[in-house]
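A.B. asks: Just passing along the structure, written as structure tokens.
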């Protein structure tokens, strides 16, 4: 009931404000139209005066100046702030051993310091030591062993610099911090996941970057009866392309 | 003088240029080795000489001089260069003026969706400085059920020129609910929703702002009574 009243009030407020915006828009449009009409009228008057002047004006010049007015068309400047790439590495799933992980990352560079990054990765968890020692015991099915995550993170470039290769090559590079939130699907359940980590990025050219990243993905798990925070540390190397 | 000569000669040198050519009006234009304030200045372009703008990355422009040297020029310096016709080179700066009026914005949130933890992202397209079409997608993780939700609607920014400004939202969407495994396993379901809501946004710096919002969802179920779900979330966003 309370929600109903809130919904009603918010709807009324929203609609009334839209009404104001539309009214302003109509008023602005009318003003613009009036201005346009006035300009047209002025142009017509000027034209009439011009014709009058033309009749009284001296005869046209024999040589017409052959100068073309220079017109500049401003081409759109390409923005290159988006970075998309693939990566591969090792993921240590707490209690389930270390296994290969592969994934996709996409980043948007907002300023020279900050970027916004999305990550998606897949791995398959191994066997716990209990399973290995216990013989035929299976805690999870093969499907449940699949470890899939996605994350939205904010990154901060904290040590920008240059990396040198011999005498002739200098490549821009940076260390960065990452932190964000996301979801991990593991053992048949989706879990809210917080991630934090750091990475190093070097750009051999303006379009290609090579990354090395270490991230900890932390989520709550009650797989073994007690609810506990699990740390799943991941190290990856990847290549991205700037668009 | 050089500028004048360049102006006279330029039309003869091929009309269609691939890149925009701009001319330096300050005593010199500094070029750095990388797109950041800490990279060293390795060359300068003298007054009245030109550079071609190759592309832009965040607040830096990659340019090429007449001699073919490539380097990075800062946004502040590029505000002082002119086009071949003498007009100032203008471009979106990504500052407070951009916050007041922009085309696109994107952001991420963490919050609460009917008692479940919510993670969501959104994108807005501004029809004018006050009215935006918004798309948001989220995933919620609860004790008894998980699910995804998506909304499409309109947002009205009440006073875009204020640093802290309220806004209102209205729209429609869906919710897909996956109950967690129990003895009696109820089926997954997808329902249509409608929402109204409000919130505030606060300009931080550069292209960033904070955004907090509340949405009251009406979930149209196939049962006799509809459900109401409250959504609260806080996040940060940027515009471009």
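What follows is calculated from the coordinates using simple rules that are stated; it is not laboratory data. Keep in mind that what you see is a predicted model, and the values were worked out from it rather than measured. All Cβ positions, glycine included, derive from the backbone under ideal geometry; neighbour counts span all protein chains shown.
A.B. asks: Taking the Cα centre of each part, how many Å lie between the range B:118-144 and the range B:145-181?
C.D. replies: 5
A.B. asks: Is the C-alpha gyration tensor of the range B:108-167 telling us rounded, prolate or oblate? Criteria: a/c under 1.5 is rounded; beyond that, a/b larger than b/c is prolate, otherwise oblate.
C.D. replies: In terms of gyration-tensor shape, prolate.
A.B. asks: In Å and from the alpha-carbon atoms only, list the Rg and Dmax of the range A:82-242.
C.D. replies: According to the Cα coordinates of the range A:82-242, Rg and Dmax are 17.7, 59 Å.
A.B. asks: Using the alpha-carbon centroid of each, what span in Å lies between the range A:202-243 and the range B:19-50?
C.D. replies: 38
A.B. asks: Ok, one more. First measure r as the distance between the Cβ atoms of residue B:163 and residue B:93, then evaluate 1/(1 + (r/R0)^6) with R0 = 22 Å and state the FRET efficiency to the nearest 0.05.
C.D. replies: 0.85
A.B. asks: Continuing with the same structure: Can you give the FRET efficiency to the nearest 0.05 for residue B:148 and residue A:71, using r as the Cβ-Cβ distance and R₀ = 41 Å?
C.D. replies: 0.20
A.B. asks: With a Förster radius of 51 Å, plug the Cβ-Cβ distance of residue B:101 and residue A:136 into 1/(1 + (r/R0)^6) and report the FRET value to the nearest 0.05.
C.D. replies: 0.15
A.B. asks: Give me the one-decimal nm value for the distance between modelled label points at residue B:174 and residue A:163, 7 Å along each residue's Cα-to-Cβ direction.
C.D. replies: 4.4
A.B. asks: A further question follows. Over the range A:82-242, what is the relative contact order in whole percent, taking alpha-carbon pairs under 8 Å and six or more residues apart?
C.D. replies: In percent, rounded to a whole number, it is 21.
A.B. asks: Using helices alone, I'd like the mean residue ellipticity at 222 nm for the protein assembly as shown: each DSSP H run of four-plus residues gives -39500 (n - 2.57), total over residue count, nearest 500.
C.D. replies: Helices in the protein assembly as shown give a 222 nm mean residue ellipticity of -5000 deg cm²/dmol.
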